[in-house]
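Okay, so here's the structure we're looking at.
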Amino acid sequence: MASRRSPLRRSYDRVARPYALRFADELDDKPFDRDFLGRVAAGVSIPGWTVDLGCGPSQIGGYLAALGLDVVGLDLSQAMLLQAGVLRPEAVCVQADMRALPLAPRSVAAVVAFYSLIHIHHTELPATLGEIHRVLSPGGRFALAVHVGAETVHRDEMLGEPVDIDFFFFDPEALATVVSRAGFTVDSVETREPYPGGVEAETRRGYIVASR
Ligand SMILES: C[S@@+](CC[C@H](N)C(=O)[O-])C[C@H]1O[C@@H](n2cnc3c(N)ncnc32)[C@H](O)[C@@H]1O
């Protein structure tokens, strides 16, 4: 796992509480995302856990759990997982690095990665997607959301806290090609415009669903 000294991990530990306060109810104002997650949940056709990968405060996993999935939240940041426990006291959580998943091969039904692959450098992306493919059962689903673009945004302040975080943006079609090269069948690639009025960071969003 990334060491305690990892700037990314320390940054999310620092920002966990304000992040949870800011985003716990975000889906209330995001009809596309609610619809997308509803479709993802309906498409999980085999029994087993759904991993909320890079779960943060677990608002996405909570939504999926309310739709009937058995969700385990996985995150690098211990403080984020504490916030997940505040938001969802019943949440099952594990602290781990998605680049080396502590899960058996073919052991989970689905993996949902909302805005967490955005922290994986492109050189580490094929191996990380390979990890996700390794742990998914045949017939399992993989869904992800990213910011659309070509840039890398570095932030040294987030929600009033000092941080050291790189956000990697993606071309969804190019990302779908990398997903496919990791062994997945890509089922859909969608984009949407940002929701205005402070609902979210005003970036275009990309969504991919793939199957193992
Ligand atoms: C932008 S937040 C997204 C949180 C939540 N999924 C959401 O949609 O609001 C990114 C999360 O990914 C986690 N993360 C980043 N890199 C990770 C890694 N290598 N392994 C596991 N979690 C990671 C961070 O700790 C953080 O909680």
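The values are calculated or read from the model by the stated rules, or taken from the named source; none is laboratory data. Predicted model, so just to flag it, every value in this text is computed and none were measured. Glycine also receives a Cβ, built like all others from the backbone with ideal geometry; neighbour counts cover every protein chain displayed. These accessible areas exclude ligands, DNA and RNA; they are computed on the full protein's heavy atoms, side chains included. Shrake-Rupley method; radii C 1.70, N 1.55, O 1.52, S 1.80 Å.
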(message) At 222 nm, what value in deg cm²/dmol follows for the chain if DSSP H runs of at least 4 each add -39500 (n - 2.57) and the sum is divided by all its residues, to the nearest 500?
(response) -10000 deg cm²/dmol
(message) Not counting ligands, DNA or RNA, and with a 1.4 Å probe, what is E161's accessible surface area in Å² rounded to the nearest 10?
(response) 60 Å²
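Need one number for the range 115-182: average projected area of the convex hull over its C-alpha atoms, nm². Don't jump to the answer; show the numbers that get you there.
Numbers: hull surface 21.0 nm².
The number I arrive at for the range 115-182 is 5.3 nm².
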(request) At 37 °C and 0.692 mPa s, grab the translational diffusion coefficient of the chain from Stokes-Einstein with a Kirkwood Rh over Cα pairs, rounded to a whole number in µm² per second. (result) 192 µm²/s
(request) With springs connecting C-alpha atoms under 10 Å apart, model the chain as a Gaussian network and identify which of R99, R39, R14 has the largest mean-square fluctuation. (result) R39
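Please report the net charge: other residues with Cβ closer than 9 Å to the Cβ of E200, K and R +1, D and E -1.
Numbers: positive: K30, R205; negative: E26, D29, E202.
Combined, the nearby Lys, Arg, Asp and Glu give -1.
Counting Lys +1, Arg +1, Asp -1, Glu -1, what net charge surrounds V135 among other residues with beta carbon under 10 Å of its beta carbon? Don't skip to the end; give the middle numbers.
On the way: positive: R106, R134, R212; negative: E131.
Once all neighbours under 10 Å are counted, the net charge is +2.
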(message) Under the √(5λ) rule applied to the eigenvalues of the Cα gyration tensor, what semi-axes describe the equivalent ellipsoid of the range 47-163? Give them in Å, descending.
(response) 22, 19, 12
(message) Could you work out how much longer the chain between A127 and R22 gets when fully extended? Use 0.36 nm per residue separation minus the Cα distance between them, nm to one decimal.
(response) 34.6 nm
(request) Extending each Cα 7 Å along its Cβ direction at L82 and A174, get the distance between those two points in nm, one decimal. (result) 3.8 nm
(message) Based on alpha-carbon centroids, what's the gap between the range 1-51 and the range 129-173 in Å, whole number please?
(response) 11 Å
(message) To check you understand DSSP bridge types, tell me what percent of the beta bridges within the chain (both residues inside) are antiparallel, rounded to 5.
(response) 50 percent
